[in-house]
Amino acid sequence: MRVRVGVAAFVAASVLAATVGGCSATGDSQKDAYKIGAVVSLSGTYAGLGDPEKKAIEMEVARVNADGGVNGRDIEVIFLDDATDEAQAQGAAEQLVLEDEVLSLIGASGTGQSMAMRTVAQEYDVPQVSMAGGTVITQEFDPLVFQTPWSNTLVVPYVLKSIRDAGFEKVGLMTDGGGYGKDGRGVILNSAPAAGVAIVADEVFNPGDTDMTTQLTKIRSSGAEVLLMWTAGREASTVVKSLDQLGMDIPVYGGPGIARKEFIEGAGASADGVRFAAGKILVPSAYGEGTDAFGIATDFVSRYEESYGQSPDIFAGHAYDAFNLIVEAMKRLPEEFSPADLRDEIEKTSGFVGVGGTFTFSETDHNGIAAQDLVMYEIVNGEWKLAE
Amino acid sequence: MTGKDLLQFIVAGLSSGALYALLALGFTIVYASTGVINFAQGEFYMLGGMLGVLAFDSLGIPLVFAALLAILATTAVGVLFELLAIRPRKDGDPLALIIITVGGSILIQSLTRHAVGGEELATLPSFSPGPSIGIAGVTIVRQSLWIWGITAVAVVGLTLLYRRTRFGKAMRACSIDRDGARLVGIDTARVVTASFALAAALGAIAGVVISPTVPPVFYSGASIGLKGFAAAILGGLGNPVAAVAGGLTLGLLENIASGFISSTFKDGIALVVLLGVLFVRPQGLFGGRSREKV
């Protein structure tokens, strides 16, 4: 293994020498690009997340380079697919660090894959910005790892407060057995007492479940006043459809995992009235018209629509933030810097206005956004509206 | 927990159980003619749902015809898969065939993902729209009636096919002794193709009939395939009635366990059943001592 790495390093060094040699002949404008490695899920279960993430980053790379790059150098992002697989995410990260010698990693799309990449970031001292929402990514703190989505520790208390403010106390919980749901369930059970609500039923469903009536029947018997559903999967549609079919007329609350057009298309009329918390990107007027955030978000949305003929979803926004947090940090550094310098500079990010919110990192907070970046939505006639 | 809740769990169990039964029938039929488990069975379920929704939403074909088209197209995929991947392996080596079906499953899944995309599609409208039916405080979803009806038709139809038709007799002969069947002049290759066609059609039916509640997506075949496989093993890979009994039993076990113990264990039940049966009663709960398969 050692020998192979040595050979790879030698090949890389020769290639590098050749490129550098070539560059010096053509002048300073052809200096090596700054390399960033992105691990996204382009196949497997999370392919639907990785696709918009890659699109958003590609769009941003083109914009930054067209504006003259950073310190006169271009940015190059190398994408690798992890196939929604943890081992592949780790392998891809290793390849990016060792062979491509990237200055920073972006990824992954999923929480499990992000955690697998983290071992590589730690081993080679390269900063990593994850686009996945699992609390564990920045809660189990690592100085090298940052995270752009609204983590469950931030969103859950916000949703529970909104349930309590609406006058409800008894909550029936329905979470998926995958990483995101499990993570959310833990945070919900922990935060409920402080929020003044009681979790009277705690039901789990599995990815691929075709029938939710057993769990919902138990929630009905528990006397729950609202259903709180925490999932990012397609089963969310099945849950609200079954709720209607069982004739259960209780309000449904959820998190950013259901901020997906596919949920509305899948659930049809049953999605109406569902309330959930997410960042302000879905209805940009929530940022407040005329603010910096409003300008950035509407600019992002219109450029994305122009490039790809569709509206960006929240995942595209998380990728936009991850990429730009790194680029902004690079801009503050001198021309030559190491991955360690870049990490320090990312941590100094203060008041960066992105799509997901305004990021301010510190030595203890690598998620960097606050509850004021969140807003409650209600689905009305198949559209996201700001809830009163 | 009241008696009413228990009845509701039973209804839920029978409804997901009927779905497992349709998958289990597919496993059983292919096993009978080839002696192998077809790990691409779940992909037929996935294709049924995907094609049904695509035909209805994107092509604007009326619901009934969209559903029929999805089933026919999936059947064609099943036949093609047999002709292109299974038949060329002339010696019928079970291990090679099983690996071919695993490969076929990955291929079908990846092609679908590239052709249709990574996100789930919308759901189909209910086959017979209207409020659910309430009997003695127990709610029965209208779509469940369709699932039960179709499963009943499938099991009766297959039994008749096996018992009453020449072709069915050929299939049974093939399952008892393939070489013997060939010696008496049965075209065993055609029997294998037909069994893949039937299995694909059954998988597609399950996929279409559930898509009013569950939005189809390219990866949905794997988890339901495992359930169908567990149901088929539970039924003993024998006759169609046993496959259906296996499916319903699994559905009931899952839902009663999640009702009275915890829904966390719902998926675990299928695996525990699978392992338990394989260890304790490899011929399945409903498999007799007879070696006859089908």
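The values are calculated or read from the model by the stated rules, or taken from the named source; none is laboratory data. All of these numbers come straight from a predicted model, not from anything done at the bench. Heads up, the Cβs are rebuilt from the backbone with ideal geometry, glycines too, and the neighbour counts pull from every protein chain shown.
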*If you go through the range A:277-292 one residue at a time, do you hit one that is under 30 Å from A:Arg343 (Cα atoms), among the hydrophobic types (A, V, I, L, M, F, W, C) and surrounded by fewer than 19 Cβ atoms within 10 Å (Cβ to Cβ)?*
no
*Is the range A:323-344 home to any residue that is without any contact (Cβ under 8 Å) to a residue 60 or more places away in the chain and crowded, with 19+ Cβ neighbours inside 10 Å?*
yes
*Residue tally, condition part of a helix (DSSP H, G or I) and surrounded by 14 or more Cβ atoms within 10 Å (Cβ to Cβ), over the range B:112-148*: 10
*asked:* Anything in the range A:284-322 that is free of Cβ contacts under 8 Å to residues at least 12 places away in the same chain, out of contact with any Pro (no Cβ under 9 Å at 6 or more places or on another chain), assigned to a helix (DSSP H, G or I) and charged (D, E, K, R)? List them, or say none.
replied: A:Asp299, A:Glu306
*Condition met for B:Ala257 (part of a helix (DSSP H, G or I) and more than 8 Å from chain A (Cβ to nearest Cβ))*: yes
*of a type outside the set (Lys, Arg), more than 30 Å from A:Gln215 (Cα to Cα) and within 14 Å of another protein chain (Cβ to nearest Cβ), is that true of B:Ser58?*
yes
*Mind listing whichever residues of the range B:202-231 are closer than 27 Å to B:Leu6 by Cβ, surrounded by 24 or more Cβ atoms within 10 Å (Cβ to Cβ) and of a type in the set (A, V, I, L, M, F, W, C)?*
B:Ala206, B:Val209, B:Ile210, B:Val214, B:Ile224, B:Ala230, B:Ala231
*Out of the residues in the range A:220-237 that are more than 26 Å from A:Ser151 (Cβ to Cβ) and more than 7 Å from chain B (Cβ to nearest Cβ), which is surrounded by the most Cβ atoms within 10 Å (Cβ to Cβ)?*
A:Arg220
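Matching residues to (1) modelled with pLDDT of 95 or more; (2) surrounded by fewer than 24 Cβ atoms within 10 Å (Cβ to Cβ); (3) under 21 Å from A:Gly208 (Cβ atoms); (4) not charged (D, E, K, R):
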position: B:Ala12; (1), (2), (3), (4): no, no, yes, yes
position: B:Val30; (1), (2), (3), (4): no, no, no, yes
position: B:Phe65; (1), (2), (3), (4): yes, yes, no, yes
position: B:Leu68; (1), (2), (3), (4): yes, yes, no, yes
position: B:Pro94; (1), (2), (3), (4): no, yes, no, yes
*asked:* Tell me the residue from B:Ala206, B:Ala232 that is touching a Gly at 6+ places or on another chain (Cβ under 8 Å), in a helix (DSSP H, G or I), within 14 Å of chain A (Cβ to nearest Cβ) and within 28 Å of B:Arg281 (Cβ to Cβ), please.
replied: B:Ala206
_Here is a check on your reading of the model: is B:Gly236 surrounded by fewer than 24 Cβ atoms within 10 Å (Cβ to Cβ) and free of Cβ contacts under 8 Å to residues at least 24 places away in the same chain?_
no
*Check whether at least one residue in the range B:115-129 is in contact (Cβ under 8 Å) with a residue 12 or more places away in the chain, of a type outside the set (A, V, I, L, M), closer than 24 Å to B:Leu47 by Cα and more than 14 Å from chain A (Cβ to nearest Cβ), and report yes or no.*
no
*Consider only pairs whose beta carbons are under 8 Å apart and that are at least six residues apart or on different chains; among these, list those whose first residue lies in the range B:1-22 and is more than 9 Å from every other protein chain (Cβ to nearest Cβ) and whose second residue is outside any helix (DSSP H, G or I).*
B:Leu7/B:Ala136; B:Leu7/B:Gly137; B:Leu7/B:Val138
*Inspect the range B:7-23 for any residue being assigned to a helix (DSSP H, G or I), under 17 Å from the mean Cα position of the chain (by Cα) and farther than 30 Å from B:Gly137 by Cα and give the result as yes or no.*
yes
_Given the options A:Asp176, A:Asp202, name the one that is touching a Gly at 6+ places or on another chain (Cβ under 9 Å), in the same structural domain as A:Pro251 (by TED's automatic domain parsing), buried (at least 22 other Cβ atoms within 10 Å of the Cβ) and not hydrophobic (A, V, I, L, M, F, W, C)._
A:Asp176
_Qualifying position, being within 11 Å of chain B (Cβ to nearest Cβ), modelled with pLDDT of 95 or more, part of a helix (DSSP H, G or I) and at negative phi, among A:Val240, A:Val159_ = A:Val240
*Being in a helix (DSSP H, G or I) and either without any contact (Cβ under 8 Å) to a residue 24 or more places away in the chain or surrounded by 20 or more Cβ atoms within 10 Å (Cβ to Cβ) (or both) is the filter here, so list the residues in the range A:162-173 that pass it.*
A:Ile163, A:Asp165
*Please work out which one of (1) more than 22 Å from B:Gly268 (Cβ to Cβ); (2) away from every other protein chain (no Cβ under 14 Å); (3) crowded, with 24+ Cβ neighbours inside 10 Å is the condition A:Gly196 fails and give its number.*
(3)
*If you take the residues in the range A:209-237 that are assigned to a loop (DSSP other than H, G, I, E, B) and among the aliphatic types (A, V, I, L, M), which one is modelled with the highest pLDDT?*
A:Ala224
*Is it the case that A:Ala87 is at pLDDT below 90, more than 15 Å from the chain's Cα centre (by Cα), part of a helix (DSSP H, G or I) and surrounded by fewer than 24 Cβ atoms within 10 Å (Cβ to Cβ)?*
no
*asked:* Of the conditions (1) touching a Ser or Thr at 6+ places or on another chain (Cβ under 6 Å); (2) over 28 Å from A:Thr214 (Cβ atoms), A:Val156 satisfies every one except a single condition; which number is it?
replied: (2)
*Is the range B:33-41 home to any residue that is within 14 Å of another protein chain (Cβ to nearest Cβ), modelled with pLDDT of 95 or more and assigned to a helix (DSSP H, G or I)?*
no
*Regarding A:Ser109, is this residue in contact (Cβ under 8 Å) with a residue 40 or more places away in the chain, under 20 Å from B:Arg113 (Cβ atoms) and surrounded by fewer than 23 Cβ atoms within 10 Å (Cβ to Cβ)?*
no
